[in-house]
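Notes follow the structure.
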Amino acid sequence: MDRTELADFLRRRREALRPDDVGLPPGQRRRTSGLRREEVATLSGMSTDYYTRLEQQRGPRPSEQMLAAIARGLRLTLDERDHLFRLAGHTAPSRVSRADHVSPPLMRVLDRLHDTPAQVMSDLGETLVQNRQAEALLGNETGHSGPARSAAYRWFTDPAEQRIYPEPDRPRHARFLVASLRAASATDPRAVELARLLTAKSVEFTKLWEAHEVAVPAERRKTIVHPNLGEIALDCQLLFTHDLAQVLLVFTATPGTEDAEKLQLLSVVGPELL
């Protein structure tokens, strides 16, 4: 671990960001060039003290998980992320196993979506980051570990996962999840391993996997069953990275409808009160 170079790199990347780059208001009496340390800490999901010690060349070597969070908070490119890992004394993650690194362009769009649910997902159906409204709508999908990080794995192994959709919509969504995993298996070996695990656990998955579908279109119109507000009909817009490895999902409701009112309520009260 090169503490001096790591601290310098973190400081320079922090100072290169502006509040508007990450969806924060500019504020007044801003003495710091770029973002404040506490702002980067919040964006990275860690304490200000922990992040500050890194910039001050103090504290223990950060784990790979912490480094991935910092890379996301600082909106680093893949090359910058790899450099960060090497400075901290870790081997840079494989470019194939890229799921923990959110595309900076997608993050810039997500940062500006303050009043509608949005989240970034990997080609394996892993939710990488959610805004507050998406968490209120769908629950916290970023806290899973292991195979359960994948929505497809949870769908076929946990019956409770399917309750978010009305029963008539579930077969089509199951087909979409399997077809998406099949498409990812052509370039991502993790998808092949995930399919192997699911084949051993789910007869339903096995039948859909054997159908070898790869072109089931995503549902552009979804009905989400919220535990407190009931059914909410939403339009779902998708924005992919150039390599199709990640996608930004944005949920909107038709203005003037009861669905729009429910979405507005979620935006106001957030996940804590529902």
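The values are calculated or read from the model by the stated rules, or taken from the named source; none is laboratory data. Only a predicted model underlies this, so the values are computations on that prediction, with no experimental measurement involved. Don't worry about glycine lacking a Cβ; one is built from the backbone with ideal geometry, like all the others, and counts go over all protein chains shown. Only protein heavy atoms, including side chains, enter the accessible area calculation; ligands, DNA and RNA are left aside. Shrake-Rupley method; radii C 1.70, N 1.55, O 1.52, S 1.80 Å.
For the stretch 165-274, the list of GluC sites (Glu not before Pro) that fall in a loop by DSSP and count at most 15 other C-beta atoms within 10 angstrom reads E213, E219. Summing Lys and Arg as +1 and Asp and Glu as -1 over all other residues whose Cβ lies under 12 Å from the Cβ of A152 gives a net charge of +1.
Short-range pairs are left out: with C-alpha atoms under 8 Å and at least six residues apart, the relative contact order of the chain is 16 percent. Where in the chain are the DSSP H helices whose alpha-carbon span along the long axis reaches 15 Å or more and whose Kyte-Doolittle mean is at least -1.0? Membrane-span-like by this rule: 170-184, 189-201, 258-269.
Between R18 and T4, what length comes free when the chain is fully extended (0.36 nm per residue of separation minus the Cα-Cα distance, one decimal in nm)? Show your work: numbers first, answer last.
Values: separation 14, 0.36 × 14 = 5.04 nm, distance 2.37 nm.
Working it through step by step, the gained length comes to 2.7 nm.
Would you kindly state how much longer the chain becomes between T257 and A160 on full extension, computed as 0.36 nm times their sequence separation minus their alpha carbon distance, in nm to one decimal?
Values: separation 97, 0.36 × 97 = 34.92 nm, distance 2.82 nm.
Computed gain between T257 and A160 is 32.1 nm.
Shown is the FRET efficiency for C236 and H144, computed with R0 = 22 Å from the Cβ-Cβ distance and rounded to the nearest 0.05: 0.55. How far, in nm, would the chain grow between T77 and N228 when pulled straight, counting 0.36 nm per residue and subtracting the alpha carbon separation? Separation in residues times 0.36 nm, less the Cα-Cα distance, equals 50.5 nm.
Over the chain, what percent of the accessible surface lies on carbon and sulfur atoms, probe 1.4 Å? Walk me through the numbers before you get to the answer.
On the way: 7090 of 13890 Å².
The value for the chain is 51 percent carbon and sulfur by accessible area.
Which loop trypsin sites (Lys or Arg not before Pro) in the stretch 171-234, with loop taken from DSSP, have no more than 15 other Cβ atoms within 10 angstrom of their Cβ?
On the way: sites: R172, R175, R182, R190, R196, K201, K207, R220, R221, K222; in loops: R220.
When the trypsin sites (Lys or Arg not before Pro) of the stretch 171-234 are filtered for loop state and at most 15 Cβ neighbours within 10 Å, R220 remain.
Accessible surface calculations at 1.4 Å, restricted to protein heavy atoms, place the chain at 51 Å² per residue. Simple point charges give the picture: +1 on the Cβ of Lys and Arg, -1 on the Cβ of Asp and Glu, and for the stretch 104-269 a dipole about the Cα centre of about 260 debye. Modelled this way, with points 7 Å down the Cα-to-C-beta line, the labels at Y50 and R132 are 2.1 nm from one another.
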